[in-house]
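Trainee: Have a look at the structure that comes next, please.
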Amino acid sequence: MLHVANLTAQILKNIRFTLREGENLTILGNNGSGKTTLARALCHLLPSQNIFLEGKNMGEIAPHLRSRVINYVPTTLDIYDEYLSVSDYLELNQFESADPRKREEILEALEIEHLKHSPCQNLSSGESSLLLIAGAILHRARYTILDEPTANLDQAKKVKIYRLLKNGSYFQNTIIITHDLNLAYKLGYDVLYLEEGSVRFFGGCGDFFDPSHLEGCFGNAVQNIGGNFVVNYDEVR
Amino acid sequence: MKYVSLILSLAVLIIAPFLGEIAVNIQEIFNPASASSMLFWEIRFPRVIIAFCSGAILALAGLVFQSVFRNPLTTPFTLGVASGATLGSALAIVFFGGILFWQYLLSFFGALLTVAVLFLLSRSLKSAQTGSLLLVGIALSFFYSAALMVLYYLSDFEQSYSIVRFTMGSLNIIGFETVYPILIASLLFLASIHLQRKPLRLLLTSLDFAFLKGVHVSRLIMSLLLLTSLAVAVCVSVVGPIGFVGLIVPHIIKLLYRRSSDTLILPTFFYGGIFLVACDLVARNLGAASDIPIGVVTSFLGGPFFIYLIVQRNKGK
């Protein structure tokens, strides 16, 4: 159980919610609403005393134990070394064994096995996103926070990642940050909607996507066309 | 390419003690009564060892600093550690008549003081802000340079000359007393960095990534900095500040091997040593009357080559 008790840090104001074992979460919110800041606080990259894991303060958990519990996957891949390869990167995500077959499996599942020996710095932004997801699957923390995992992907890859998340065997509990409302809707996770650092909505997916509620959040910038939520570019305001 | 450079390096290492102003006669080196034997064992041989160990320490120190600060231009020299040691030595030259014991002690003290200042400041800065630490290091270097200018102003002609010679770096060493500390320091340094190669590999991605994989990032960085600075302090107090080795050798090794930095600890150490032995060979054999200061040779060879490297790197992108 992951419990956030009245978290106030940087832009965030009085955030409180609880995520039980087996529950997944989608975090939505406009640019600059504090989604990434919240994610960084959850995994202690932004130290705080308000995050509790099974009743234990996150700040008091030893680093190597904390790493098994929570992992954060940023939107962009940040690698300093220019010769560190895709395979090297994946190996760094493996805790128990450095089994190369597991790495191969994941690379095949994401259709990036041809990049195995490429330096990470040479990847395109879409390939980097896939590598980040592959790394997170190998890391397999109890809670995995994915920060806009599909933002840089083409349509087919978006579907692939959606299926992978739906499958449920790749991750334990997932917290996903996204701007893709259709993805959020199809995943059906509980929704936390942030507005200027505060929780404006926290509840079931169905309630969030209720037409009257949705209009309150996004105006008519979003349209439901045959069960798919699409951006309405003709909208004026 | 790798084998060629390895064979070449070993050749340099073997012939280095024999060449110089006076050539050593190979047949006589095991005859204790001969001048060649004395020259070989008391002067040339310790000199080559010291050159090798200093070059190795400086190169590996550069590799560690570049990895920790995630900046290809950082070395202990840019962080002010070497400048602190240099100032210590200059103080000893002016106020203790250049007695070697004081020179070593104050060099050591200068380097440690710099590390302590960096260490304390880093705790008040945010844990992962190595950029700020680097700026502090640069500010400290300027401060030490200014203090060195004050010392020049206060000292007489002879002392000024000694300071200048020291800041140019020198491998003029007789006997084995100074060999042991630098030999031990270099081996301990190599071993301690080699033991930390796994967390170092995590640092090569990003600090956040290392943190999320359970590394105590600020503690790791501080231990690496402290180890490196101690090794560099030993090196500077023995041979003076020899620039450029720490900057260019890691880059050359990376271009040669094309592997991630954590796998280059041993090659960087080895070729750093070879580089300085080779530079010293040039320094000893070019000047007719006396040796060219080693710092001059490393900078003359290193400077243009480094600019070439930077141009090549940017061409590729």
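Trainee: Would you pick out the residues in the range A:66-125 that are within 10 Å of chain B (Cβ to nearest Cβ), of a type in the set (A, V, I, L, M, F, W, C) and over 22 Å from the mean Cα position of the chain (by Cα)?
Mentor: A:Leu84
Trainee: Here's another thing I want to ask about it. Restricting attention to the range B:285-305, which residues are part of a helix (DSSP H, G or I) and open to solvent by 20 Å² or more (accessible area, probe 1.4 Å)? Write out each step before concluding.
Mentor: The initial filter retains those residues of the range B:285-305 that are part of a helix (DSSP H, G or I), namely B:285-286, B:294-305.
Hits for the range B:285-305 are B:Asn285, B:Leu286, B:Val296, B:Ser299, B:Phe300, B:Leu301, B:Pro304, B:Phe305.
Trainee: Does A:Lys186 meet the test of being without any contact (Cβ under 8 Å) to a residue 40 or more places away in the chain, under 16 Å from the mean Cα position of the chain (by Cα) and open to solvent by 50 Å² or more (accessible area, probe 1.4 Å)?
Mentor: Yes: the conditions hold for A:Lys186.
Trainee: Still on this structure: With the checklist (1) within 14 Å of chain A (Cβ to nearest Cβ); (2) open to solvent by less than 10 Å² (accessible area, probe 1.4 Å) in hand, flag the one item B:Asp208 doesn't pass.
Mentor: (2)
Trainee: For the condition surrounded by fewer than 21 Cβ atoms within 10 Å (Cβ to Cβ), touching a residue at least 40 places away in the same chain (Cβ under 8 Å) and small (Gly, Ala, Ser), what is the one hit in B:Ser37, B:Ser89, B:Ser54, B:Ser9?
Mentor: That would be B:Ser9, the only listed residue that is surrounded by fewer than 21 Cβ atoms within 10 Å (Cβ to Cβ), touching a residue at least 40 places away in the same chain (Cβ under 8 Å) and small (Gly, Ala, Ser).
Trainee: Next question. Restricting to the range B:105-139, and then to whatever is over 17 Å from B:Leu230 (Cβ atoms) and modelled with pLDDT of 80 or more, can you tell me which residue is least open to solvent (accessible area, probe 1.4 Å)?
Mentor: B:Val136
Trainee: Would you pick out the residues in the range A:51-65 that are in contact with a helix residue (DSSP H, G or I) (Cβ under 8 Å, 6 or more places away or on another chain), within 14 Å of another protein chain (Cβ to nearest Cβ) and of a type in the set (A, V, I, L, M)? Reasoning before the result, please.
Mentor: Residues of the range A:51-65 that are in contact with a helix residue (DSSP H, G or I) (Cβ under 8 Å, 6 or more places away or on another chain), as a first pass: A:51-53, A:58, A:61, A:63.
The next check asks that each one be within 14 Å of another protein chain (Cβ to nearest Cβ); those that pass are A:58, A:61, A:63.
Result: A:Met58, A:Ile61.
Trainee: Of all residues in the range A:141-157, count the ones that are closer than 11 Å to A:Thr174 by Cβ and either within 14 Å of chain B (Cβ to nearest Cβ) or open to solvent by 60 Å² or more (accessible area, probe 1.4 Å) (or both).
Mentor: Adding up the residues that qualify gives 6.
Trainee: Do you know which of the residues in the range A:1-21 that are in contact with a Gly (Cβ under 6 Å, 6 or more places away or on another chain) and among the aliphatic types (A, V, I, L, M) is surrounded by the fewest Cβ atoms within 10 Å (Cβ to Cβ)?
Mentor: Residue satisfying both the conditions and the ranking: A:Ile11.
Trainee: A further question follows. Which pairs have Cβ atoms under 9 Å, sit 6 or more apart or on different chains, and link a residue in the range A:111-122 that is under 22 Å from B:Arg201 (Cα atoms) to one that is open to solvent by less than 30 Å² (accessible area, probe 1.4 Å) and assigned to a strand (DSSP E or B)?
Mentor: Close Cβ pairs satisfying both conditions: A:Leu115/A:Ser85; A:Lys116/A:Ser85; A:His117/A:Ser85; A:Ser118/A:Ser85; A:Pro119/A:Ser85; A:Cys120/A:Ser85.
Trainee: Kindly indicate whether B:Ser36 is within 25 Å of B:Thr228 (Cα to Cα) and either away from every other protein chain (no Cβ under 14 Å) or modelled with pLDDT of 85 or more (or both).
Mentor: It is false that B:Ser36 is within 25 Å of B:Thr228 (Cα to Cα) and either away from every other protein chain (no Cβ under 14 Å) or modelled with pLDDT of 85 or more (or both).
Trainee: Select from the range B:238-295 the residues that are touching a residue at least 60 places away in the same chain (Cβ under 8 Å), within 14 Å of another protein chain (Cβ to nearest Cβ) and touching an Asp or Glu at 6+ places or on another chain (Cβ under 9 Å) and list them in ascending order.
Mentor: Once the filter is applied, which keeps residues that are touching a residue at least 60 places away in the same chain (Cβ under 8 Å), within 14 Å of another protein chain (Cβ to nearest Cβ) and touching an Asp or Glu at 6+ places or on another chain (Cβ under 9 Å), the range B:238-295 yields B:Ser261, B:Asp262.
Trainee: Right, something else. Being touching a Phe, Trp or Tyr at 6+ places or on another chain (Cβ under 8 Å), more than 8 Å from every other protein chain (Cβ to nearest Cβ) and open to solvent by less than 20 Å² (accessible area, probe 1.4 Å) is the filter here, so list the residues in the range B:211-237 that pass it.
Mentor: Across the range B:211-237, the qualifying residues are B:Val217, B:Leu225, B:Thr228, B:Ala231, B:Ala233, B:Ser237.
Trainee: Another question about this same structure. Just to be sure before I move on: is B:Pro181 within 14 Å of another protein chain (Cβ to nearest Cβ) and part of a helix (DSSP H, G or I) in the structure I sent?
Mentor: The answer is no for B:Pro181.
Trainee: Does A:Asn24 count as more than 29 Å from A:Phe218 (Cα to Cα), open to solvent by less than 40 Å² (accessible area, probe 1.4 Å) and more than 14 Å from chain B (Cβ to nearest Cβ)?
Mentor: no
Trainee: Follow-up question, since we're still on this one. Which residues, taken from the range A:49-108, are part of a loop (DSSP other than H, G, I, E, B), more than 20 Å from A:Ile177 (Cα to Cα) and touching a Cys at 6+ places or on another chain (Cβ under 7 Å)?
Mentor: Hits for the range A:49-108 are A:Ile79, A:Leu84.
The values are calculated or read from the model by the stated rules, or taken from the named source; none is laboratory data. Since the structure is predicted, the reported quantities are computational estimates derived from the model, not experimental observations. FYI the Cβ positions are ideal-geometry reconstructions off the backbone, even for glycines, and counts take in every protein chain you see. The area values use the complete protein model at the heavy-atom level, side chains included, leaving out ligands, DNA and RNA. Shrake-Rupley method; radii C 1.70, N 1.55, O 1.52, S 1.80 Å.
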